[in-house]
Amino acid sequence: MKIRPLHDRVIVKRIEAERTTASGIVIPDSAGEKPDQGEVLAVGNGKIQDNGEVRPMAVKVGDRVLFGKYAGQGVKVEGEEVLVMREEDIMGVIEA
Amino acid sequence: MKIRPLHDRVIVKRIEAERTTASGIVIPDSAGEKPDQGEVLAVGNGKIQDNGEVRPMAVKVGDRVLFGKYAGQGVKVEGEEVLVMREEDIMGVIEA
Amino acid sequence: MKIRPLHDRVIVKRIEAERTTASGIVIPDSAGEKPDQGEVLAVGNGKIQDNGEVRPMAVKVGDRVLFGKYAGQGVKVEGEEVLVMREEDIMGVIEA
Amino acid sequence: MKIRPLHDRVIVKRIEAERTTASGIVIPDSAGEKPDQGEVLAVGNGKIQDNGEVRPMAVKVGDRVLFGKYAGQGVKVEGEEVLVMREEDIMGVIEA
Amino acid sequence: MKIRPLHDRVIVKRIEAERTTASGIVIPDSAGEKPDQGEVLAVGNGKIQDNGEVRPMAVKVGDRVLFGKYAGQGVKVEGEEVLVMREEDIMGVIEA
Amino acid sequence: MKIRPLHDRVIVKRIEAERTTASGIVIPDSAGEKPDQGEVLAVGNGKIQDNGEVRPMAVKVGDRVLFGKYAGQGVKVEGEEVLVMREEDIMGVIEA
Amino acid sequence: MKIRPLHDRVIVKRIEAERTTASGIVIPDSAGEKPDQGEVLAVGNGKIQDNGEVRPMAVKVGDRVLFGKYAGQGVKVEGEEVLVMREEDIMGVIEA
């Protein structure tokens, strides 16, 4: 992995809908902001809190996570498009 | 259950209006944002407060909860549609 | 009572205008956001403050309270419509 | 007095313009949000601060106060219309 | 002086443009929000901070202060129009 | 200097574009909010923080500073136009 | 380097798209806010936190960083255009 995210940012590789169905999770196709899922490729050191301490991340590399469809920004790393988002944008971890 | 919600998020299965009536709670049909109810399927570890401590969740798995009609985001888990919302969106627990 | 409000929420049964006049309080009929009154049916444990402590509620079951006309959300409990609001929405307690 | 205001709320009886002139304070008649004055009829226990402590009120019953024309909400108590506002809405105390 | 300002409020008497020139300060006449100056007639006890302590005022009675043209609200005291503003609205003290 | 800025305010004399080029810094002429530079004429005592302490200023009299083109308010002091802005508006100090 | 950034500001020299491809990172050309990258030329002392302490910067001179396309303000230093942004605008550090 080539990007080290700062603070509470997470790099996620979106998982395609086909693979989604196989895991038993189906994302509805209707309009509006919909959840999506992906695999965590890299995480920051954690969010810096108001008291100055760093809060460790609640997700780790390899986690399959659920997030809002429009969360994060896309960037290509060695030809592969990934998302950079904040831990806040992650709704949950999918436990297979 | 396949999703582990992060922090103060809650996964709720909406309870249909028919079952609602049976429990003595009726949701009015008029327009606007209306409360709704459901059963808690999973809860996060709790909200991280400004002082860095984690506040335990005030709802638990199995609770029947009341929430705003448009709270949360819908996602399908093994063919069943559930809502992912924050504890903040939950107005109260229905005690049968 | 069938709903246990979370945190700083309060369940209030609106008191009709006729009964209002009897207690000596008259709500003006002019347009705009106007105060209204009701009886407290249930209260949460209190608001969770920034320092993590719970602040006890300033109203209790049985109190007659004054609140903004559009405060809270309506829900029917065993055929009776009540309001779920926050303590913040309550302007004062009417002492007969 | 029949209403006990919650927290930092204050109940004020507006003083008419005629009486205002007598005290030497004249409120300009031009358009826009203009200050107004009244007598304090009741005060809450004080504002709950971020650190959980209650800050005593800076005004007391009987004070003649200056406030923004559109501050507070009107309510009738035993046929007399009063205003319920927050201490924050009060600009100053008029010392005769 | 007839008004005791609450907390961090300041009562200021605007100084006319003619007197301004004499002191060496000229307020530009172009459109937009422009600074203005006045004399402090009364100050509150100070702003109540998040930690509950009162911060003493940084201006005192008699100071000549600079403020945004539209800061404060006008009110007449014994026939003389003054401004009630917050210390926050004051940009600086003019030292002759 | 005739103005003592309050708290975290800074008085800055804008440096003309001609002098700017001489120091090796060129401000682009294209449209939009562009940085600008000036010399610090006076600084306040510092910003009052949430914990009630005063944070000393990070700029001092004589510093050449970079700021957003529309930062601050213009005021004339003894015929010379200066800017009153907040330290927050200053992007950096130019070290010749 | 001629600019010393204040607090949590960072001076970044944008890296052209051609050099980007060589390092294995490709920025997509589609419309909207897209990430971009550059080299850190100077950093401030760090962000001043709510508790008054300074948080050291998470990036250092020489780091290759990823940021939102419209982050920061452009300024020319000795004929070279650089960006002044906040650490908050930096999404991650690219580790070659």
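The values are calculated or read from the model by the stated rules, or taken from the named source; none is laboratory data. This one's a predicted model, so the numbers in the text were calculated from it and none came from an experiment. A quick note on method: Cβ atoms are made from the backbone with ideal geometry, for glycine too, and the neighbour counts reach across all protein chains shown.
Just a yes or no: is a residue in region F:70-80 polar (S, T, N, Q) and more than 29 Å from G:GLU78 (Cα to Cα)? Don't jump to the end; show me each part of the working.
Filtering region F:70-80 for residues polar (S, T, N, Q) gives F:73.
Checking the rest, the ones that are also more than 29 Å from G:GLU78 (Cα to Cα) come to none.
No, that holds for no residue.
Considering only region E:69-92, state which residues are small (Gly, Ala, Ser) and more than 9 Å from the chain's Cα centre (by Cα).
Within region E:69-92, the subset small (Gly, Ala, Ser) is E:71-72, E:74, E:79, E:92.
Answer for region E:69-92, where residues must be small (Gly, Ala, Ser) and more than 9 Å from the chain's Cα centre (by Cα): E:GLY74, E:GLY79, E:GLY92.
Could you list all residues from region G:58-96 that are assigned to a strand (DSSP E or B), away from chain F (no Cβ under 14 Å) and surrounded by 17 or more Cβ atoms within 10 Å (Cβ to Cβ)? Can you show your working first?
Residues of region G:58-96 that are assigned to a strand (DSSP E or B), as a first pass: G:64-68, G:73-77, G:80-86, G:90-94.
Remaining after also requiring away from chain F (no Cβ under 14 Å): G:64-68, G:90-94.
Once the filter is applied, which keeps residues that are assigned to a strand (DSSP E or B), away from chain F (no Cβ under 14 Å) and surrounded by 17 or more Cβ atoms within 10 Å (Cβ to Cβ), region G:58-96 yields G:ARG64, G:VAL65, G:LEU66, G:PHE67, G:ILE90, G:MET91, G:GLY92, G:VAL93, G:ILE94.
Of all residues in region F:56-79, how many are touching a residue at least 12 places away in the same chain (Cβ under 8 Å) and out of contact with any strand residue (DSSP E or B) (no Cβ under 7 Å at 6 or more places or on another chain)?
Going residue by residue through region F:56-79, those that are touching a residue at least 12 places away in the same chain (Cβ under 8 Å) are F:57-73, F:75, F:77-78.
If we keep only those that are out of contact with any strand residue (DSSP E or B) (no Cβ under 7 Å at 6 or more places or on another chain) as well, we get F:58, F:70, F:78.
Counting residues in region F:56-79 that are touching a residue at least 12 places away in the same chain (Cβ under 8 Å) and out of contact with any strand residue (DSSP E or B) (no Cβ under 7 Å at 6 or more places or on another chain) gives 3.
Could you check how many residues of region A:1-57 are over 18 Å from A:VAL75 (Cβ atoms), within 11 Å of chain B (Cβ to nearest Cβ) and either part of a strand (DSSP E or B) or at pLDDT 60 or above (or both)?
17
If we scan region D:72-84, do we find a residue that is closer than 24 Å to D:HIS7 by Cβ, modelled with pLDDT of 95 or more and touching an Asp or Glu at 6+ places or on another chain (Cβ under 8 Å)?
No, that holds for no residue.
Of the numbered conditions (1) crowded, with 19+ Cβ neighbours inside 10 Å; (2) of a type in the set (Asp, Glu); (3) free of Cβ contacts under 8 Å to residues at least 12 places away in the same chain, F:GLU53 fails exactly one; give the number of that condition.
(1)
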